[in-house]
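One structure below.
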Amino acid sequence: MVLQDFASLRRMWPQGVIFVALPQLGPILVGLLAPHRLSGWCDSLRKLPWCPPYKALLLVWTTIYSVMGYASYLVWKDMGGGFGRPLALPLGLYIVQLTISWTALILFFVAHTPGLALLHLLLLYGLVVSTALIWHPINKLAALLLLPYLAWLTVTASIAYRLWRDSLCPEHQPQPTGEKSG
């Protein structure tokens, strides 16, 4: 029995790597589109005292995307592999939410439009909840693995909201210490 499980694991290994790597394409695209604009703009995000440093943002996004990819692999495997009709809804919804997630990254980090990114993040939140609800009967662990993503979306939506609000109402921006507002 153990040898049979090991043989099955060896056959599924390349697919698992693909599923974990696929979500990383969005952040790679963002890095290629605006490598010189990212770090300077992200440094300005530090004005928000609760905003994580740029490198922490990258680390969290990479981890979240890897976990999402693994979760999608679990669903794919439990549904029998391949790409037949039964996988259309569970993986189709995942691909849609992944595309919206990449779009939000581009809007936020490349286009520097936090208002549009916020709209996409709110849509994404609903899509991730829907994906988790559809995945739950298929693979409970896969559905649970989306919970950290929902938590992270809350953080990123908060950052996007604050930046959008500050761009509309500059008086809400934090004043540097030692300076008095007139």
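Brief remarks on what is shown
- At full extension, W152 and T99 could sit 17.4 nm farther apart than now, given 0.36 nm per residue minus the alpha carbon distance.
- Residue by residue, the range 80-97 carries 3J(HN,Hα) couplings of x, x, x, 9, x, 4, x, 8, 4, 6, x, 8, x, 5, 4, 5, 5, 5 Hz when phi is fed to the Karplus relation 6.51 cos²θ - 1.76 cosθ + 1.60 (θ = phi - 60°); x denotes Gly or Pro.
- Length gained when the stretch S167-L144 is fully extended (0.36 nm per residue, less Cα-Cα span): 4.7 nm
Read-outs: derived from the displayed coordinates by stated rules, not from any lab. Quantities reported herein were computed from a predicted structural model and do not represent experimental measurements.
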